[in-house]
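See structure below.
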Amino acid sequence: MSDMRILVTGGAGFIGSSLCEKLVAMGNRVVALDSMFRGSEANLESILGSENFALYAGDVRDVDDLDACVEALGGLDLVYHLAAINGTKWFHEAAHSVIDVNVNGTLRTLELAMAHDAKYVFASSPEAFGEPLSQPLTDGDAMVFTDPKAHQRHSYGGSKYLGEIACQHAARDGLDVQIIRPFNAYGPRLNGDEYGQVIAMFFQQLIESSELNVHGDGSQTRSFTWIEDVVDGFVKAGMQDLPTGEVFNIGSTEEVSIIDLAERIAKFGDKVEVSFGDGYHGDVKRRLPNISNSKQVLGWQSTVSLDEGLKMMWDSITL
Ligand SMILES: NC(=O)c1ccc[n+]([C@@H]2O[C@H](COP(=O)([O-])OP(=O)(O)OC[C@H]3O[C@@H](n4cnc5c(N)ncnc54)[C@H](O)[C@@H]3O)[C@@H](O)[C@H]2O)c1
C-alpha cells in the first residue's frame, strides 16, 4: 500500500529514520516527530529534501505538537509510535523521564490515533517481559518484574508493559493496533557511545582503543536483528489487514553470547583485547524470541545472519 499519511514518532532515531526512508520510498507522505533527544537530522539526510517528507522537532507528550504533525500531513491514516527514551544506562540514571516519556507518549499517540480513526503500530520491547522465567519469549508467558527498591532498570520494560496494556485496551475499544517487539536491532547509525547499544559500542571501542569491554562475564545471550529486517516487520504490521491487538516478536532466532559477539567483532581489527566490567542490574541471561506468530500472521522472519550483518556494518563505518 502507498499514498498513506503517516506519522512516525521518534522518526529521527535509529529505527525510526530507516522506517521513514522506507515509507517515503514506497510513496507515502511521512512526518517524523522527534524531540532530538537521541535522534538527529543527519539520520534523515537522504529524505530531508523530499516533498513527501517533513521532520517536526517537538515532544510526543505535547498534543499541540501532535496536532501540528497531523495538519502538516493533511490528515492521518497510520501512526508508528517509536518515540521513547531508549538506552540501558538511561533506564538506571533517568527512570522518572523514561516512565514519563514512554508512558505518556504512548497514551497521547493512542488518543491521537483514536481521534482520527488511524491505524496504530506500537514499538514495544522484549523488556516488557521483565525478567522472564523461560525462553524463548512467547506470547502468553508471564511478564515478571522485580523489586524496584533494588534497582530501577525496569522503568523501561515496565513502561513498555504499560504501553502494551494501553494498546490492548484501545484494541478492545475498536482501534486497529499492532504491537512490535524488536530484538536488539543493529545496523548503520546505531548509537555507540556509553548510552548506546552493544554492537555499535564494540565497533566504536574497536576503532578508538582496540579494547572491547564486556558487561559481566559475557555468557548472557541476545538475538541481534539486522535493521532492514526490523523495518520490514514494522512495514508489514502497518500495511497489512490484520486482526487488531496482534503482537509480533521481531527477532533473529540466532542466539549469540556477548563474548562470542565480542570475538566476532574483534576479528575486524588488529590485536584487539577483550576486557570484562560490571554488568547491569536486571540484565537478563537470555533474550530469545519465539517468532511463530510473526511467521504465520505477519509473514515475517529475519533474513540476514549475524556474520553478514556485522560485515555490512563494518563496511558502512570504514568504506
Ligand atoms: N533498537 C532496538 O533494538 C529496540 C529494541 C526494542 C524496542 N525498541 C523500541 O523501538 C523504538 C525505537 O528505538 P531506537 O533504537 O530507534 O531508539 P532511538 O533512541 O534511536 O529512537 C527513539 C527516538 O525517540 C526520540 N524521543 C525521545 N523522547 C522523545 C520525546 N519526548 N518526544 C519525541 N521524541 C522523543 C529520540 O530523540 C529518538 O530519536 C523505541 O520505542 C524503542 O524503545 C528498540
Residues of segment 190-229 that turn out to be more than 11 Å from the ligand (Cβ to nearest atom) and among the small types (Gly, Ala, Ser), as a count: 6
Only listed residue being part of a loop (DSSP other than H, G, I, E, B), surrounded by 13 or more Cβ atoms within 10 Å (Cβ to Cβ) and either hydrophobic (A, V, I, L, M, F, W, C) or touching a strand residue (DSSP E or B) at 6+ places or on another chain (Cβ under 7 Å) (or both), chosen from 302, 219, 294: 302
Breaking point among (1) surrounded by fewer than 19 Cβ atoms within 10 Å (Cβ to Cβ); (2) farther than 21 Å from residue 191 by Cα; (3) within 11 Å of the ligand (Cβ to nearest atom), for residue 25: (3)
Failed item in (1) in a helix (DSSP H, G or I); (2) more than 9 Å from the ligand (Cβ to nearest atom); (3) under 19 Å from residue 178 (Cα atoms), with residue 120 passing the rest: (1)
Some residue of segment 34-51 being farther than 20 Å from residue 195 by Cβ, touching a residue at least 40 places away in the same chain (Cβ under 8 Å) and surrounded by 18 or more Cβ atoms within 10 Å (Cβ to Cβ): no
Qualifying residue in segment 182-200 (condition: out of contact with any Pro (no Cβ under 8 Å at 6 or more places or on another chain), among the hydroxyl-bearing types (Ser, Thr, Tyr), crowded, with 20+ Cβ neighbours inside 10 Å and not in a helix (DSSP H, G or I)): yes
So residue 275, is it assigned to a strand (DSSP E or B) and small (Gly, Ala, Ser): yes
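Quick grid of which residues meet (1) touching a Leu at 6+ places or on another chain (Cβ under 7 Å); (2) closer than 26 Å to residue 112 by Cβ:
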site: 150; (1), (2): no, no
site: 153; (1), (2): no, no
site: 156; (1), (2): no, yes
site: 168; (1), (2): no, yes
site: 171; (1), (2): no, yes
site: 178; (1), (2): yes, yes
In segment 90-117, the residues that are surrounded by fewer than 23 Cβ atoms within 10 Å (Cβ to Cβ), within 10 Å of the ligand (Cβ to nearest atom) and within 26 Å of residue 278 (Cα to Cα): 90, 97
From the options 140, 87, 130, residue that is modelled with pLDDT under 95, within 15 Å of the ligand (Cβ to nearest atom) and on the phi > 0 side of the Ramachandran plot: 87
Subset of segment 305-319 that is outside any loop (DSSP other than H, G, I, E, B) and over 24 Å from residue 88 (Cα atoms) - its residue that is farthest from the chain's Cα centre (by Cα): 318
Residue within segment 137-152 that is more than 23 Å from residue 101 (Cβ to Cβ), assigned to a loop (DSSP other than H, G, I, E, B) and among the β-branched types (Val, Ile, Thr) present: yes
Which listed residue, of 251, 233, is surrounded by 18 or more Cβ atoms within 10 Å (Cβ to Cβ), within 14 Å of the ligand (Cβ to nearest atom), within 19 Å of residue 132 (Cα to Cα) and not β-branched (Val, Ile, Thr): 251
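The values are calculated or read from the model by the stated rules, or taken from the named source; none is laboratory data. Quick caveat: nothing in here was measured; it's all calculated off a predicted structure. A quick note on method: Cβ atoms are made from the backbone with ideal geometry, for glycine too, and the neighbour counts reach across all protein chains shown.
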